[in-house]
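I have placed the structure first, in the form of structure tokens, so that the comments after it can refer back to it.
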Amino acid sequence: MTSESIDKKQPAKNLSTGFNRWAYFAFVLLAVYFLFRNDWMTAASNLGIALVFDPFNPTVKWQDRKLYQKAWLFVHVGLVLVLFIVGLIISN
């Protein structure tokens, strides 16, 4: 391969974005299910695990993300903290 053919190659398609979205929404749905069962701590943990699977493009740096993506992730973290605190209060 010459250096010209290497430069003209298309970047590899990021296949993890589709999986991340699927896993993110699966854990969010699990959290909603456990909320209906009044299991606050399990709902909080599932919602927290959902954050591991970035629903947006995980290759984009935080500084380069759009404002609505940052806001969504901050709201998500806030919900996890609220559920965790409520779970601690209810369990005592």
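The values are calculated or read from the model by the stated rules, or taken from the named source; none is laboratory data. This is a predicted model, so every value here is computed, not measured. Note that we place each Cβ from the backbone using ideal geometry, even for glycine, and neighbour counts take in every protein chain shown. For the accessible areas, the whole protein counts, side chains as well, though only heavy atoms, and no ligand, DNA or RNA atoms are used. Shrake-Rupley method; radii C 1.70, N 1.55, O 1.52, S 1.80 Å.
Take the Cα of Phe19, go 7 Å toward its beta carbon, and the backbone nitrogen atoms of the range 49-64 under 17 Å from that spot belong to 50-60. For the range 33-43, backbone phi angles converted through the Karplus equation (6.51, -1.76, 1.60; θ = phi - 60°) give residue-by-residue couplings of 4, 5, 5, 5, 8, 6, 9, 5, 5, 5, 5 Hz, Gly and Pro being listed as x. Full extension of the chain between Lys66 and Val82 gives 3.3 nm of extra length, using 0.36 nm per residue less the Cα-Cα distance.
Charge tally for Val86 (other residues, Cβ to Cβ under 15 Å; Lys, Arg +1; Asp, Glu -1): 0. In order along the range 56-72, phi translates into HN-Hα couplings of 9, 5, x, 7, 7, 5, 4, 5, 8, 6, 6, 4, 5, 5, 4, 4, 4 Hz, rounded to whole numbers, per the Karplus curve 6.51 cos²θ - 1.76 cosθ + 1.60 with θ = phi - 60° and x for Gly and Pro.
Sorting 39-46, 76-83, 59-66 by their mean Cβ neighbour count within 10 Å, with the most densely packed peptide first, gives 39-46, 76-83, 59-66. Mind running the shape call on the range 15-92? Use the C-alpha gyration tensor, a ≥ b ≥ c as the square roots of the eigenvalues: rounded below 1.5 for a/c, prolate if a/b tops b/c, oblate otherwise. Cα axes put the range 15-92 in the oblate bin.
For the range 13-70, what % of the accessible area comes from carbon and sulfur atoms, probe 1.4 Å?
Taking all protein chains in place, the range 13-70 shows 66 percent carbon and sulfur surface.
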